[in-house]
Structure formats: C-alpha cells, structure tokens
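Input: a single structure, listed below in structure tokens.
Bear in mind these aren't lab numbers, they're just calculated from the coordinates by the rules spelled out. Since the model is a prediction, treat every value here as computed from it, not as a measurement. For neighbour counting, all protein chains shown are included, and Cβ atoms are generated from backbone atoms with ideal geometry for every residue, glycine included.
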Amino acid sequence: MEAQEILNDKLKREYKVCVPAAVINGKVENFLLNTGKTTRIKGYSRPGKVPMVVLRQRFLAEALNHVLPQVLKEGHDYLLNLFRVTPAHQPKYKVNQFGEGKDLEYTVTFEVLPEVPQSPGKSCILSDISLLFPMNVLRKSWSKLPANAPPHVRILMICMSPKRETQ
C-alpha cells in the first residue's frame, strides 16, 4: 500500500492511495471461498463443491462490492497512522481506478483538527472531590460498574443515611 500527500493547505488535506491488485485479489478469493462453502448452485451436488470458475462468473461483482469498503477503511487507517493526522469529519473518497486484476487508486479528502498549543507551566490537578448520593442510587450504580474498572480512577464516596432515632 502506498500513500502520498497531494494537498496540504491549512487544515485541508488530500492524499492519493494505491492498493496493489494482489491485496484486493486475495480478499476477493477469500470472499468467493466463503461464499462457495454455503452456496447451492443447480447442477452441483453439494455446497462447497462448486468450482471457483463458476463462483467467479456468478459472484465476482458482489465480491468486489464487498471488498471495496474494507480496503478503503484499511487504506484510511494506514494513511492516518503514516501521516499522524486526525480528521475533523468523515473523509470524501474518489475512486480513480478499480477493477479485477487492477490496482485500486483513490484520493481521500478531509480536514484535520487544528493543533492547540498547551500553555507552559500551568496545569490543573483535580483532587479530593466529595459527592453525596442517596444510598439507592449508589447501589444501582455500583452494581453496573465493571469488575475490571481502571485502577487509576479513584472515587471517594461518602454515604450518608438519615439517623434513626431509638426510644
């Protein structure tokens, strides 16, 4: 998979991505094999016994339509990791070349989130927060808390119940 930056104008970015035909063909073959395991076609006795040539003739268009979104997502993830950008919205794809036995070439256009500089030397630390809740609310919430809650989160709960007077 190859990616190159075409446009870098303030927050707008455009990239050209090329996915080799071997990657696409491998995914299409997997789709056809999985489809062939369960497909019953007239003239063949059992599912899984249909020749690959027949599967290709009947299901190639469906396979390509199934594989394209997967490849676009993988290419987009590769692109974000390679260029270390964070998109501000959904990208717009324009497929330039796609087909059986051909490399997939497409362009991706999106805007990135601006970098916000941190103020040096100033930090805010939150500590010792006390919250008062009724006991019934705490019991319901505590039962929904996962057993593997993050250890770095500490919650100090002070439970106060009304005093009962005795005679």
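Just a few scattered comments:
- Each residue of region 49-66 is assigned a 3J(HN,Hα), and the resulting list reads 9, 7, x, 4, 4, 5, 4, 4, 4, 8, 10, 5, 4, 5, 5, 5, 5, 6 Hz, derived from the Karplus form 6.51 cos²θ - 1.76 cosθ + 1.60 (θ = phi - 60°), x at Gly and Pro.
- Over 30 Å apart at the Cα level, from the set Lys12/Lys73; Lys37/Lys94; Lys37/Lys73; Lys42/Lys73; Lys49/Lys73; Lys49/Lys102, are Lys37/Lys94; Lys42/Lys73; Lys49/Lys73.
- From most to least packed by mean Cβ count within 10 Å, the peptides 90-97, 21-28 give 21-28, 90-97.
- The residues neighbouring Phe59, those whose beta-carbon lies less than 14 Å from its own, together hold a net charge of +2 under the Lys/Arg +1, Asp/Glu -1 convention.
- When each of Tyr15, Tyr78 is scored by the number of other beta-carbon atoms lying within 10 Å, the sequence from fewest to most is Tyr78, Tyr15.
- Placing a pseudo-label 7 Å from each Cα along the Cα-to-Cβ vector at Tyr78 and Glu62 gives an inter-label distance of 2.8 nm.
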